[in-house]
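The structure appears below as structure tokens.
A short reminder: the numbers here are calculations on the coordinates, not readings from a lab. Being a predicted model, the structure only gives us computed values, none of them experimental. Heads up, the Cβs are rebuilt from the backbone with ideal geometry, glycines too, and the neighbour counts pull from every protein chain shown.
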Amino acid sequence: MPSLVREKKDNIIYWRVAFLEKRAPVKAVFSGRSGGSSRPPYASLNLGLHVGDDPAAVMFNRRLVAESLNLPLQNWVIGEQVHANRVARVGYQHAGRGVFEPATAVNGVDALVTAEPQLVLVAFYADCVPLYLVDPRRRVIGLAHAGWKGSVLRIGSRVVNRMVKEFNCQPADLLAFIGPAVGSCCYQVDNRVGQAVKNNLPWAEKVLTSDGPHHFRLDLPHTNYLDLLAAGLQPEHIGLASICTCCHADSFFSYRAAAGVTGRQAAILSLE
Ligand SMILES: [Zn+2]
């Protein structure tokens, strides 16, 4: 069974996270870049309101995705995404945060957890790592945005710990999916990032390889995989997309491939 299944609906293309949807009562989706109304360099299904695109085009795109997936926009909850590791527990009272105005996003967080059905956790990416977490027993979900900073700060573990603390989840029950993100093939980092990885992650040598003087290649998806294992997840409960967004910049927005100015795709996770 493929862990991601490509679908085309209403002219937009997205990927269903079959790894999670087959095992738990959730909708789990990763959007692509095709079928929206944004113009270059945001063409065309840009879902990020904070990247310089025309807000009307972004809202059109968000509505298109919401309608295609039957996940109403007013139920979406969006975090601010500041490349740190804070996690917010959200509920119905947060519905709509960050959806119509970026300023209303849940402040200072890169991850959201909830146990409320129909609430839709949404986060945005262009190479950073999407982490989906689901507890099918206690019906709890979490969604995180892990760039290199969040990965070094072990945001995946932080989400797991929060699910344990708030909802009494057991890590061995949790399912996780690591979505499309920049692969080590395309992710050269400098000495500053390399040192941060070495100083903070016990598994640094497994994810960092030398790439010439003062440079490394960093495997961000694998870093997050190892973090989730360290948090107590079972290896067979962790799915990996193993798709590099930079190698596939025709299908996905890639910050690296676009040298900085581009749109954002979304990870979308909701309990049924
Ligand atoms: Zn690549």
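Take residue 134 and decide whether it is within 16 Å of the ligand (Cβ to nearest atom), in a strand (DSSP E or B) and in contact (Cβ under 8 Å) with a residue 24 or more places away in the chain. In short, no.
The residue that is farthest from residue 66 (Cα to Cα), among those in segment 8-36 that are among the hydrophobic types (A, V, I, L, M, F, W, C) and part of a loop (DSSP other than H, G, I, E, B), is 24. Cβ-Cβ distances below 7 Å connect the following pairs, each with a first residue in segment 240-268 that is of a type in the set (Phe, Trp, Tyr), a second residue that is within 11 Å of the ligand (Cβ to nearest atom), and a separation of six or more residues or different chains: 252/180; 252/245; 255/127. Restricted to segment 255-264, and to residues there that are away from the ligand (no atom under 16 Å from the Cβ) and buried (at least 21 other Cβ atoms within 10 Å of the Cβ), the residue that is nearest to the chain's Cα centre (by Cα) is 264. The number of residues in segment 159-176 that are farther than 10 Å from residue 113 by Cβ and in contact with a Pro (Cβ under 8 Å, 6 or more places away or on another chain) comes to 3. Quick check: is even one residue across segment 167-190 in contact (Cβ under 8 Å) with a residue 12 or more places away in the chain, of a type in the set (Gly, Ala, Ser), more than 16 Å from the ligand (Cβ to nearest atom) and in a strand (DSSP E or B)? Yes, segment 167-190 has at least one match.
The number of residues in segment 79-122 being over 21 Å from residue 169 (Cβ atoms), outside any loop (DSSP other than H, G, I, E, B) and within 17 Å of the chain's Cα centre (by Cα) comes to 1.
Within segment 148-159, the set of residues being away from the ligand (no atom under 16 Å from the Cβ), over 24 Å from residue 21 (Cα atoms) and either more than 18 Å from the chain's Cα centre (by Cα) or buried (at least 19 other Cβ atoms within 10 Å of the Cβ) (or both) comprises 150, 151, 152, 153, 154. In segment 218-254, the residue that is farthest from the ligand (Cβ to nearest atom) out of those that are among the charged types (D, E, K, R) and either in contact with a helix residue (DSSP H, G or I) (Cβ under 7 Å, 6 or more places away or on another chain) or in a helix (DSSP H, G or I) (or both) is 236. Flag: residue 162 matches the condition of being away from the ligand (no atom under 16 Å from the Cβ), within 20 Å of residue 110 (Cβ to Cβ) and in contact (Cβ under 8 Å) with a residue 60 or more places away in the chain. Among the residues of segment 37-77, those that are among the basic types (Lys, Arg) and either surrounded by fewer than 17 Cβ atoms within 10 Å (Cβ to Cβ) or assigned to a loop (DSSP other than H, G, I, E, B) (or both) comprise 39, 63.
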